[in-house]
Structures are given as structure tokens and as C-alpha cells.
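What follows draws every value from the coordinates through simple rules; no lab data is involved. All values reported here derive from a predicted model rather than from experimental measurement. When we count neighbours, we look across all protein chains shown, and the Cβ atoms used for this are built from the backbone with ideal geometry, even at glycine.
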Amino acid sequence: MTNLSISRCTLRWTLVTTVALVSALGFTPAAALAQTYTVLHEMNPKKNDPYNFMSARMAQGRDGNFYMESEGGGAACCGTISKFTPAGKVTVLYNLTGPEGQFGIGGLTLGPDGNFHGNADEGGTNNFGTLFKATPSGTLTVLHNFANTGDGMDPVFALVLGGDGDFYGTSGSSTGGVVYKITPSGEFSTIYSLTGGGSFDGQLNLGNDGNLYGGTDKDGVNGAGTDFKLAPSGAYTTLHSFTSSEGSNPLTGIIQGTGSEFYGTLIFGANNGPGTIYPLTSSKVFNVFLHMTIGDGELPIGLLLASDGNLYGAAEYGGPDGAAGCGTIFQITPAGVFTVLHSLDQTDGCHPEAQLFQGTNGLLYGTTINGTVYDEGVFFSLDVSLPPFAGLVSPSGHQGGTLGILGQGFNSGSVVTFGGGVQATSITLQGSTYISAVIPSGAVTGDVSVTTGSTTLTSIQPFTITL
């Protein structure tokens with residue numbers, strides 16, 4: 001817990017609540033879930049803390065700490081790149097000022113080289129935003145200045161690391177937005193442009209097949225948005241066009257579960273209701289898990305596949321206080337059983353606008369944009385006894401290449417095993433939280449595990465072996 005000058009800011013808010021499980025098929029009661037919600041840090045603008053984590057996906061670094069970009073705060077009040085320890089200590093690494101970009105909204109993505117890639121919504125040479133690379137110590141390099149000349153403008157969601165080692169993202173434009181690729185060295189190219197009146201200004205996610213998946217906000221035959229698949233080569237497939245009775249605006253995209261099914265949220269539910277949670281099969285079969293009520297939460301901002309195989313998310317508004325509520329944190333199983341885990345209020349954080357993140361220690365982490373003494377939000381954790389896991393930096397690689405693995409408790413005796421039960425014969429440690437392993441001959445696509453003593457950490461998603 002970070003020590004601040006006002007005593008209330010040194011308090012750790014620990015709440016243990018139990019709630020009834022709710023299913024989409026009729027509020028079926030189920031066993032209660034115990035959980036512990038903890039405020040780790042209250043954002044204090046008087047101390048130049050970062051704040052306003054809008055759509056900002058955090059990243060875990062090789063050192064086990066969490067890295068984020070913010071829209072507000074810092075010495076210039078134009079946003080920051082900051083480091084948060086798991087205990088809540090905050091260090092501003094870089095103050096965004098304008099020439100290199102300002103208003104960091106999308107979030108950061110860890111690259112294989114240990115650096116973070118992110119974006120700024122405005123600023124730069126043309127004032128249309130930038131793409132940049134930042135080291136863990138805070139050295140920033142601008143890789144691309146948006147010009148709205150085919151490359152789009154105002155990027156507001158996190159980059160995705162593809163199987164080819166390049167990064168992919170979306171940007172808005174006056175004609176509908178683009179999906180782009182940028183190499184680690186800064187070579188930029190547009191791979192698809194949308195011209196149907198909707199927007200690509202949403203979150204991309206990577207599927208196990210190496211394709212990109214996402215959503216549009218007003219596109220499609222019904223004008224309510226779509227889900228799509230996009231190959232890195234630019235081949236585009238519409239997976240589903242939403243109707244007003246299903247909901248609209250899947251701006252946080254869809255994520256793949258432990259099998260072939262995808263899951264997503266609509267920020268507007270049926271007929272502009274509080275939100276919708278849904279599955280979508282690889283064969284394009286759409287179903288509704290839940291049309292949310294105000295008590296469930298309003299404006300769900302995306303899902304996270306966690307190490308227990310369940311999905312977790314947050315809603316920006318709603319909860320027990322109705323439309324004036326500060327939002328909720330929830331779980332939904334792959335079978336559609338829904339649980340509100342925690343209802344936020346002004347004392348422990350209000351209005352989460354960024355997706356949840358699971359650390360390799362098993363805890364869920366997140367931020368809010370309001371709440372507590374300074375009303376600039378909090379950095380929090382939620383412990384629901386999820387198992388720790390091995391975090392894979394890259395989604396794929398070839399035999400003889402290297403794979404970065406995040407975790408904790410690693411030592412020189414750690415054993416790394418790839419799909420097929422093949423052990424890596426060469427590993428390099430960076431402290432106790434990062435291993436670089438050479439992918440052994442005979443490894444096949446599958447889970448990656450790290451065994452240290454009696455503890456085994458396993459990846460959530462499979463690692464793909466490429467030629």
C-alpha cells in the first residue's frame with residue numbers, strides 16, 4: 001500500500017462479500033463465491049499521480065510490475081506512462097506533453113524485447129495521435145505520427161502482438177477507420193479500411209488461429225455493429241451483424257475461450273438496455289447469455305478469460321444504486337452463469353472504464369476513473385482464489401526460437417515444458433519473474449508449463465508452434 005499524506009489514503013479497503021449466482025435462463029441460485037476487493041492506491045492529482053484510465057489495458061512487465069498509460073495526470077496533466085507494483089506503489093515513468101503524443105488512452109502491450117508499445121489519442125506532429133515504444137525505465141520513442149491520410153487518427157485501444165511479431169491496432173477516420181500493422185522498428189502499414197459508416201475504433205484480440213477478432217460500432221446490415229475476423233493479410237470476414245433486439249456496439253471486441261467459442265459484450269443491450277453478454281461460435285452461431293439489468297451493471301467494458309476457465313468483466317455504471325451506481329465487477333461461466341462479484345461505490349472506486357487484467361499471481365487488477373477522497377479513481381485488486389499461471393509474451397514461435405514467460409517464484413531449477421511434454425534444455429532467468437526459454441525440437445502446439453519445486457504454472461492459452 002502506498003503511503004500518502006492523508007490518513008484515509010493509507011487505508012486498505014478490504015471487503016468480503018458473497019452474492020447469489022444469476023443465470024441467463026432465469027436467475028438460478030447457486031453456491032456463493034467469496035472474494036476480497038482491495039484498494040491498492042488512490043490517485044492523488046496533487047502528487048502528479050496518473051488518472052483517467054480510459055480503455056487502458058495494463059501490461060505486466062518482466063519485473064512482475066504492472067505498466068499503464070493514463071489520459072490525465074502527470075507533471076503536464078496530459079497523461080503518463082506509469083508503473084504500479086502489486087502492492088500499489090506508483091511511479092510515473094514518463095510525462096506526456098504533446099509533441100510525442102498526449103492523452104494515453106489505449107493501454108500498453110509488452111513486446112518480446114521487454115519494451116512496451118502504446119498509443120496517444122492526440123498530439124504528435126499532426127495532432128492526430130502517435131504510436132510509441134517505451135522502455136521499463138521510461139525512455140520513449142515515437143514510432144508513428146498519425147496524419148489521417150489513409151492511416152486513420154485518434155487511436156484509443158491497445159495494440160495486439162501478432163504471431164508474426166508485429167503489432168496490430170485500430171484507428172478512427174472520417175471514412176470509418178482502419179486496422180493497421182506496425183513493426184517493432186516502426187514500419188507502418190494499413191491492412192484494412194472500413195467505409196460502411198461504422199468505426200474500427202475498438203479493441204482487437206488475437207485468436208488461437210492467428211487471426212484478429214474485433215467489433216464495429218455502427219456497421220452491418222442493421223446498423224447496430226458487427227463482429228469480424230481479419231487475417232493479418234487483410235482478408236476480412238463479418239461473423240455477425242447485431243440487431244436492436246440483441247444490442248449494439250461491441251467496441252471491446254470478442255475474446256476466445258478455452259475452446260473454439262468466442263465471447264463478447266455489447267455496451268448497449270437490447271433496445272438500448274444496460275448491456276448484453278454473448279457467445280459466438282467459430283461457425284458464426286450467435287446466442288445471448290444475458291441481457292443485463294441495472295443491478296447487474298450498465299455498459300460492460302469487455303471480458304477477460306482467466307486461469308480458472310471463466311470470464312470476468314466490469315460494468316462502468318449500475319449496481320445496487322441503480323443508474324447512479326458506480327459499476328460492478330462480475331463473472332460469467334462458459335455455460336452462461338452470471339455472478340456480480342463486487343459492487344463499487346464512491347468509497348472504493350467508481351466507474352471502471354478499462355478492462356480487467358489478471359496478473360500471473362492469479363489476482364484480478366483494475367482501475368476506476370472516479371471515487372475516494374480525490375475522486376480521480378483507484379488501482380484495485382480482486383482476489384477470488386484464481387490459480388496463478390504462466391504468462392506467454394508471444395502467441396507463437398518456431399523450434400529453436402525463444403519464448404518469454406512471465407510468472408513468479410522462478411529459479412535456476414525451474415523446468416519449462418512445451419506441448420507434447422517436451423522440455424526446454426536452455427533457459428535464461430531474469431530475477432524470479434521472467435524466463436526466456438529456447439523452444440525445443442519436437443515441441444508441438446499446446447500449453448506451456450513452468451515447474452519450480454512442487455509448483456507448476458501453466459499458460460491459459462495454447463502456444464502455437466510455427467514452421
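Judged by the mean number of other Cβ atoms found within 10 Å, the most tightly packed of the peptides 305-318, 177-190 leads the ranking 305-318, 177-190. Ordered by the count of other Cβ atoms within 10 Å of each Cβ, fewest first, 460, 329, 267 give 460, 267, 329.
Rounded to the nearest 20 debye, what is the charge dipole size of the stretch 34-123 about its Cα centre when +1 sits on each Lys and Arg Cβ and -1 on each Asp and Glu Cβ?
On the way: 6 positive and 9 negative charges, 66 e Å.
The calculation lands at about 320 debye.
Taking only alpha carbon atoms, the chain gives an Rg to Rh ratio of 0.94, where Rh is the Kirkwood radius.
What is the packing order of peptides 216-228, 428-440, taking the mean over residues of other C-beta atoms within 10 Å and listing the highest first?
Working: 216-228: 21.5, 428-440: 17.9.
Sorting 216-228, 428-440 by mean packing, highest first, produces 216-228, 428-440.
Pairs of alpha carbons in the stretch 70-127 separated by more than 18 Å make up 35% of all such pairs.
Counting Lys and Arg as +1 and Asp and Glu as -1, each charge on the Cβ, what is the dipole of the stretch 118-220 about the Cα centre in debye, to the nearest 20? Using only the charged Cβ atoms, the result is roughly 100 debye. Counting neighbouring Cβ atoms within 10 Å and putting the fewest first, the residues 157, 357 line up as 357, 157.
Shown in residue order for the stretch 225-233 are the 3J(HN,Hα) couplings computed by the Karplus curve 6.51 cos²θ - 1.76 cosθ + 1.60 at θ = phi - 60°: x, 9, 9, 9, 10, 9, 6, x, 6 Hz (x for Gly and Pro). Look at 350, 77 and count the other Cβ atoms within 10 Å of each Cβ; fewest to most, that gives 77, 350.
When every Cα-Cα distance of the stretch 64-198 is counted in 5 angstrom steps from zero, the calculated P(r) takes the values 2, 12, 22, 24, 19, 12, 6, 3, 1, 0 percent. Mean separation of Cα pairs under 8 Å and 6 or more residues apart, divided by the residue count, gives the stretch 391-466 a relative contact order of 36 percent. Count the net charge of all other residues whose Cβ sits under 13 Å from the Cβ of residue 466, scoring Lys and Arg as +1 and Asp and Glu as -1. Spelling it out: positives minus negatives among the neighbours equals -2.
How big is the C-alpha Rg of the stretch 314-467 next to the rule-of-thumb value 2.2 N^0.38 Å, as a ratio? Show your work: numbers first, answer last.
Values: Rg = 19.4 Å, N = 154, 2.2 N^0.38 = 14.9 Å.
After normalising by residue count via 2.2 N^0.38 Å, the value is 1.30.
Relative protection proxy for 136-146, 47-57, from highest mean packing down: 47-57, 136-146 (other beta-carbon atoms within 10 angstrom). Kirkwood radius, the stretch 391-466, all distinct C-alpha pairs, inverse of mean reciprocal distance: 11.9 Å. Of the residues 307, 283, 332, the one whose Cα sits farthest toward the positive end of the charge dipole of the stretch 236-364, with +1 on the Cβ of Lys and Arg and -1 on the Cβ of Asp and Glu, is 283. Here the dipole of the chain is about 760 debye; that uses its Cα centre as origin and unit charges on the Cβ of Lys and Arg (positive) and Asp and Glu (negative). So what's the net charge close to residue 147: Lys and Arg +1, Asp and Glu -1, counting the other residues with Cβ under 14 Å from its Cβ? Surrounding charge for residue 147 is -3.
How long are the three semi-axes of the equivalent ellipsoid of the stretch 351-391, in whole Å, if each is the root of 5 times an eigenvalue of the C-alpha gyration tensor, listed from largest down?
Details: eigenvalues 114, 18, 9 Å².
Square roots of five times the eigenvalues give 24, 9, 7 Å.
Dividing the convex hull volume of the alpha carbon atoms of the stretch 182-294 by its residue count gives 113 Å³ per residue.
Less than 13 Å Cβ to Cβ from residue 238, Lys/Arg counted +1 and Asp/Glu -1: what total charge do the surrounding residues give?
Summing Lys/Arg as +1 and Asp/Glu as -1 gives 0.
Look at the dipole of the stretch 80-152 built from charges on Cβ: of 131, 106, 91, the Cα furthest out on the positive end belongs to 91.
If you take the Cα atoms of the stretch 220-281, find Rg, then find the Kirkwood Rh from the mean of 1/r over all pairs, what is Rg/Rh?
Working: Rg = 11.8 Å, Rh = 12.0 Å.
We get a ratio of 0.99 for the stretch 220-281.
Given R0 = 35 Å, the distance between the Cβ atoms of residue 245 and residue 34 translates into a calculated FRET efficiency of 0.45.
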